[in-house]
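Below is one structure, written out as structure tokens; comments come after it.
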Amino acid sequence: MKPEDVRSIADARKIVNERKLTHIKVGVFDIDGILRGKYMSREKFFSSLEKGFGFCDVVLGWDSNDQLYDNTAFTGWHTGYPDAQVRILPQTCRDIPFEPGMLLFLAEFADEARAPCPRGVLRRVSRPGEQDGFRGFCGFRIRILCLR
């Protein structure tokens, strides 16, 4: 099975079993849209496909330098940065080109953490346009600076 053919939880299980992976990479986007990932054991991954998992919500309250924002309402020192519920999106399965055989699955924040999650914000912003018949496209630019 090819990663781009994965559409369901059953497909995700199948490709992990086919590749005999002991760990899988899972990533969520922080408040600045930076992918934050971790390796998950096969057993934890299979369980998380069904039930979701907890991911520290501090990533929704710090910047790209891992410096805490001091004016957040959703998370911060006042909440103790608890784990927020996250769900794995099987259809996002991809090969990692620089780790042969390894798979990456994206995940997104659920429940109340969905509001500040960049994927949730994008969904909320694009929905009215879609209801009016518009279809949005986006792209990104990578800038690499070489400092001496």
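The values are calculated or read from the model by the stated rules, or taken from the named source; none is laboratory data. What you see is a predicted model; the values in this text were computed from it and never measured. Cβ atoms come from the backbone with ideal geometry, glycine included; neighbour counts cover every protein chain shown. Remember, those area values only see protein heavy atoms, side chains included, never the ligands or the DNA or RNA. Shrake-Rupley method; radii C 1.70, N 1.55, O 1.52, S 1.80 Å.
Quick notes
- Subset of the range 1-38 [farther than 30 Å from Gly76 by Cβ and assigned to a loop (DSSP other than H, G, I, E, B)]: Met1, Lys2, Val6, Arg7, Ser8, Lys20, Leu21, Thr22
- Scan the range 32-73 for residues that are touching a Gly at 6+ places or on another chain (Cβ under 7 Å) and open to solvent by 30 Å² or more (accessible area, probe 1.4 Å) and the total you get is 6.
- The set of residues from the range 100-124 being at pLDDT below 85 and surrounded by 14 or more Cβ atoms within 10 Å (Cβ to Cβ) comprises Ala113, Arg114, Pro116, Cys117, Pro118, Arg119, Gly120, Val121, Leu122.
- Qualifying positions in the range 1-31 - charged (D, E, K, R) and surrounded by fewer than 16 Cβ atoms within 10 Å (Cβ to Cβ): Lys2, Glu4, Asp5, Arg7, Lys14, Glu18, Arg19, Lys20
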